[in-house]
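See structure below.
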């Protein structure tokens with residue numbers, strides 16, 4: 001199981017916008033940097049716009065950050081690009097057989113553990129800003 005690459009591509013997009021503030025970069029430019037399809041980039045940029053992380057004007061090349069990098073956390077990016085119900089990282093299979101000791105108890109037993117794991121991930125992502133990410137890139 002992996003988290004979709006949409007998350008890291010979202011971070012990539014925001015970093016590129018910071019590195020290229022003086023230039024109206026296109027989805028084709030971003031796609032070339034990511035090595036993916038421009039249509040995917042446009043879709044992700046729409047998600048980032050909906051989350052108020054970037055400003056994009058229809059029919060006009062280029063996008064801009066809508067917030068300072070210090071105000072954008074990795075958790076903001078994760079929430080923006082993951083259209084998962086209530087941003088659930090894990091889901092427990094539904095309707096196991098209740099006549100089975102395991103089936104009758106699996107959801108009740110696993111749910112708190114999975115919620116704890118998701119909270120730990122979200123806490124870590126919330127503690128890192130895009131400013132820190134870009135700073136690390138510039139220092140490398």
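The values are calculated or read from the model by the stated rules, or taken from the named source; none is laboratory data. Model, not experiment: these values are computed from the prediction. Note: ideal-geometry Cβ built from the backbone for every residue, glycine included; neighbour counts use all protein chains shown.
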If you go through 67, 119, the only one that is over 15 Å from the mean Cα position of the chain (by Cα), modelled with pLDDT of 90 or more and closer than 30 Å to residue 19 by Cα is 67
Examine the stretch 96-115 for a residue that is in a loop (DSSP other than H, G, I, E, B) and at positive phi, and state whether such a residue exists.
no
Conditions (1) closer than 21 Å to residue 131 by Cα; (2) free of Cβ contacts under 8 Å to residues at least 60 places away in the same chain: number failed by residue 36:
(1)
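With the structure loaded, tell me whether residue 138 is outside any loop (DSSP other than H, G, I, E, B) and over 15 Å from residue 9 (Cα atoms) or whether it fails that test. Before the answer, list the steps.
Numbers: outside any loop (DSSP other than H, G, I, E, B): yes; over 15 Å from residue 9 (Cα atoms): yes.
It is true that residue 138 is outside any loop (DSSP other than H, G, I, E, B) and over 15 Å from residue 9 (Cα atoms).
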Can you confirm whether residue 99 is loosely packed, with under 12 Cβ neighbours inside 10 Å, under 19 Å from the mean Cα position of the chain (by Cα) and farther than 30 Å from residue 26 by Cα?
no
Filtering the stretch 18-52 down to residues that are in a loop (DSSP other than H, G, I, E, B), over 15 Å from the mean Cα position of the chain (by Cα) and closer than 19 Å to residue 82 by Cα yields 36, 37
Name the single residue, out of those in the stretch 40-59 being without any contact (Cβ under 8 Å) to a residue 12 or more places away in the chain and out of contact with any strand residue (DSSP E or B) (no Cβ under 6 Å at 6 or more places or on another chain), that is surrounded by the most Cβ atoms within 10 Å (Cβ to Cβ).
43
